[in-house]
Structures are given as structure tokens and as C-alpha cells.
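Enquirer: Got a structure here, written out as C-alpha cells. Questions coming.
The values are calculated or read from the model by the stated rules, or taken from the named source; none is laboratory data. Since we're looking at a predicted model, the values are computed, not measured. Neighbour counts run over all protein chains shown; Cβ positions are idealised from the backbone, glycine included. Keep in mind that these areas ignore ligands, DNA and RNA; they rest on the heavy atoms of the full protein, side chains included. Shrake-Rupley method; radii C 1.70, N 1.55, O 1.52, S 1.80 Å.
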Amino acid sequence: VTEIGEKTFIRHNSFEEVYIPDTMKYIGDSAFLNCKNLKKLTINGDNLVLGSHAFSGCSKLKELTINDGVMEIGKDCFKASTLENDYLTSVTIPGSVKTIKSGAFSLRSKLNDVTLCEGIETIEFDVFSNTNITHLKIPDSVTSIDRCAFRFCTGLKEITFEGNAPSF
């Protein structure tokens with residue numbers, strides 16, 4: 001299996017843990033949308049693209065591992081459904097990810113520890129809006145940060161650019 005199609009497991013509430021193997025190339029739009037009991041997600045891949053809303057609304061998600069080989073995180077991919085009942089506190093985005101699409105982690109109100117690895121190039125609109133990030137290092141590879149990428153991040157105190165500041 002190299003693809004999980006669009007809406008394949010939408011609202012499938014018996015999943016508590018999902019492991020995506022490195023043979024996977026594409027996770028379709030809304031593939032795991034609103035899987036309310038998903039708590040642990042490990043994503044491997046080799047040139048893997050995560051579609052729009054692929055894991056959006058998985059409100060009990062607490063452990064998220066995105067391994068090297070994921071190339072793109074789709075629009076609203078991990079967006080929470082509300083600001084309440086959110087458990088995800090940290091995420092590391094590997095350098096194989098070139099683009100983090102708009103809203104990818106928005107409404108993750110408990111998300112306060114984000115590591116962006118060298119290799120990421122684009123952070124789109126609203127990616128981290130309404131999160132609890134306080135400090136962030138932007139790798140030198142980032143060339144573009146869209147407007148409102150950190151909208152309503154009221155606790156954000158410090159951003160460090162590891163090279164030249166990208167265009168905004």
C-alpha cells in the first residue's frame with residue numbers, strides 16, 4: 001500500500017494509535033479527519049505528501065512523530081477542531097518537509113514546543129495560529145513566511161532567525 005485515499009477513515013473512532021510506514025507516498029485529503037480517539041501518530045515516508053485535513057480534528061492526539069521523508073504537510077493537516085480538549089504539546093518538523101501549508105497546526109492551543117529543522121523552505125498563512133508557542137528558531141533554509149503564520153500566538157516572546165530573516 002502506497003496511498004491512503006481521501007476520507008478513507010473519516011470519523012473512525014476506534015483508532016487510538018496509527019503507524020504510517022515508509023512505503024507510503026500519499027495520505028489523502030481528510031483521510032483520518034475527526035478520528036476523535038487517535039492519541040498517538042507516527043508518520044514515516046519516502047517523499048510522502050500529507051493531504052489537506054488529513055489528521056484534522058483528531059482532538060485527543062497527544063504524541064505526534066513526523067519522521068524524515070515527509071515532503072509536504074497539507075492545509076489544515078493537524079488543525080484542532082476547537083481550542084478546548086487539545087493535548088498536543090510538541091512537534092518536530094523534519095527538514096525533508098519543504099512546505100508547511102496554511103493552517104497546518106492551527107488551533108492547537110497546548111502546542112508550545114515546536115522544532116523546525118534545517119531544510120524547511122516555506123511556512124504558509126495561519127500555520128501556527130492560536131498555538132501556545134513562546135520561543136521559536138527559524139532555520140536558515142526558510143525563505144518565506146506568509147502573513148498571519150503566528151496569528152493569535154499571544155505567548156510568543158522570541159523568534160530567532162538562524163540566517164537572514166526570510167520575506168514576510
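Enquirer: Name the residue, out of F152, F125, that is aromatic (F, W, Y) and in contact (Cβ under 8 Å) with a residue 24 or more places away in the chain.
Expert: F125
Enquirer: For region 57-66, how many residues are open to solvent by 50 Å² or more (accessible area, probe 1.4 Å) and at pLDDT 95 or above?
Expert: Here is the first cut: in region 57-66, the ones open to solvent by 50 Å² or more (accessible area, probe 1.4 Å) are 60, 62-63, 65.
Checking which are at pLDDT 95 or above leaves us with 62-63, 65.
Number of matching residues: 3.
Enquirer: Among the listed residues E121, E72, identify the single one that is farther than 20 Å from D22 by Cβ and open to solvent by 10 Å² or more (accessible area, probe 1.4 Å). Steps first, please.
Expert: Numbers: E72 fails: farther than 20 Å from D22 by Cβ.
After ruling out the rest, the residue left standing is E121.
Enquirer: Restrict the check to region 93-115 and report whether at least one residue is open to solvent by 10 Å² or more (accessible area, probe 1.4 Å), more than 27 Å from D46 (Cβ to Cβ) and among the small types (G, A, S).
Expert: Taking every residue of region 93-115 in turn, at least one turns out to be open to solvent by 10 Å² or more (accessible area, probe 1.4 Å), more than 27 Å from D46 (Cβ to Cβ) and among the small types (G, A, S).
Enquirer: What's the total number of residues in region 140-149 that are assigned to a loop (DSSP other than H, G, I, E, B) and buried (at least 19 other Cβ atoms within 10 Å of the Cβ)?
Expert: To start, the set of residues in region 140-149 that are assigned to a loop (DSSP other than H, G, I, E, B) comprises 140-143, 146-149.
Filter again for buried (at least 19 other Cβ atoms within 10 Å of the Cβ), leaving 142, 149.
Matching residues across region 140-149 total 2.
Enquirer: Have a look at V114, V97 and point out the one that is under 18 Å from R151 (Cα atoms), aliphatic (A, V, I, L, M) and at pLDDT 95 or above.
Expert: Details: V97 fails: under 18 Å from R151 (Cα atoms).
Step by step, each of V114, V97 is checked, and only V114 is under 18 Å from R151 (Cα atoms), aliphatic (A, V, I, L, M) and at pLDDT 95 or above.
Enquirer: To continue, here is another question. Which of the residues belonging to region 1-56 are open to solvent by 50 Å² or more (accessible area, probe 1.4 Å) and in a strand (DSSP E or B)?
Expert: Result: E3, E17, Y19, Y26, K40.
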